[in-house]
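Only the coordinates and a few stated rules stand behind these numbers; no lab work does. All values reported here derive from a predicted model rather than from experimental measurement. All Cβ positions, even for glycine, are placed from backbone atoms using ideal geometry, and neighbour counts span all protein chains on display.
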Amino acid sequence: MSAGNYDLLSWFYERHWGSEFRFHAFAMDALESMLLRELTEGASILDLCCGAGHIVCALHERGFSVTGTDLSIEMLKFARSKASQARFFAADARDFSTARKFDAVVSTFDSINHILDPADLMLVFRSVHEALVPGGVFVFDLLEEEAYKEAWAKSGFFVEHDNACMLRGSYDANCRRARVELTLFRLDGGWTRSDVTIFERYYPVDEVAAALASCGFEGAEVFRANMDFHMPVDAGIGRTFIKTRKVRK
């Protein structure tokens, strides 16, 4: 999806997947278990594909030195409003660089699944590797095929007094690609309509682990959101967290 589509989605994301959306709190619990307890206060963390900044804000409140990056300028506006003391920059996850090296990189809310080409996934992993200090930790989540078959392949709608949404989801197992078409209506002086299509790709964990190893990571640990972190079904179905580490030289 292009930056323009994420920009169109930003207000809806903030409204319906924002502070009241339970996923971010559950994701922080998972990060606490996998990563945060082993970092020292003030450790540097990059939130890759930070969206509207909910995880950046929570990490900053925990006393970490946090930087957020996202492709969408509009998403970053919401992020800056939540954590003005954090650093932010706009970049494509496939091709970013930072002068600073980080103790950890995190990426949540199935952001990595938005990378649709396996070759591009390798570019993401190489960029993350370059952004980490030797021995630095990379933690991210992925949706597995179960999530796309059970949660994405459906349609629905909802209406509120100042916005409405119609969605149509599908999953093609042959190409491992999920698709959700969103028709968004918003009352902002007058009613406006936006049409946004979100694509994600299912990556088997063994393929992801092999890609990480080829990019200079070691020891990919796999955690199941429902089983290991007790995420409820609506947030954790088919969700896997992976923790890996940049090889020390």
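Taking the alpha carbon gyration tensor of segment 1-149, multiplying each eigenvalue by 5 and rooting it gives semi-axes of 21, 19, 16 Å, largest first.
On the basis of the beta-carbon distance and an R0 of 45 Å, residue 99 and residue 159 show a calculated FRET efficiency of 0.45.
Using C-alpha pairs below 8 Å separated by at least 6 residues, the relative contact order for the chain is 17 percent.
When you count the other C-beta atoms within 10 angstrom of each residue and take the mean per peptide, 234-245, 36-47 line up highest first as 234-245, 36-47. In the frame of its principal axes, segment 125-249 has Cα extents of 58, 31, 30 Å, reported largest first. Given their separation in residues at 0.36 nm each and the Cα-Cα distance between them, residue 166 and residue 210 gain 12.0 nm when the chain is fully extended. Can you classify segment 17-89 as rounded, prolate or oblate using the Cα gyration tensor, where a ≥ b ≥ c are the square roots of its eigenvalues, rounded means a/c under 1.5, and otherwise it's prolate if a/b beats b/c and oblate if not? It comes out oblate by the Cα gyration axes. Bin all alpha-carbon pair distances of the chain at 10 Å intervals from 0 and give each bin's fraction as a whole percent. Percent of Cα pairs in each bin: 7, 31, 39, 18, 4, 0. Please list, or write none, the lysines whose alpha carbon is within less than 25 Å of the alpha carbon of residue 101, excluding same-chain residues fewer than 8 places away. By straight Cα distance, residue 101 reaches 77, 82, 243, 246, 249.
The Stokes-Einstein estimate for segment 147-199, based on a Kirkwood radius over Cα pairs and taken at 37 °C with 0.692 mPa s viscosity, is a diffusion coefficient of 274 µm²/s. For the peptides 6-17, 152-163, 112-123, the ranking by packing is 6-17, 112-123, 152-163, with the highest mean count of neighbouring Cβ atoms within 10 Å listed first. The distance between label points at residue 248 and residue 173 comes to 4.4 nm (points 7 Å beyond Cα on the Cα→Cβ vector).
Evaluated with a Cβ-only charge set (Lys, Arg +1; Asp, Glu -1), the chain carries a dipole of roughly 460 debye about its Cα centre, given to the nearest 20.
Among 72, 198, 155, flag the residue with its Cα farthest along the positive direction of the charge dipole of the chain, charges on Cβ as +1 for Lys/Arg and -1 for Asp/Glu. Positive-most Cα among the choices belongs to 72.
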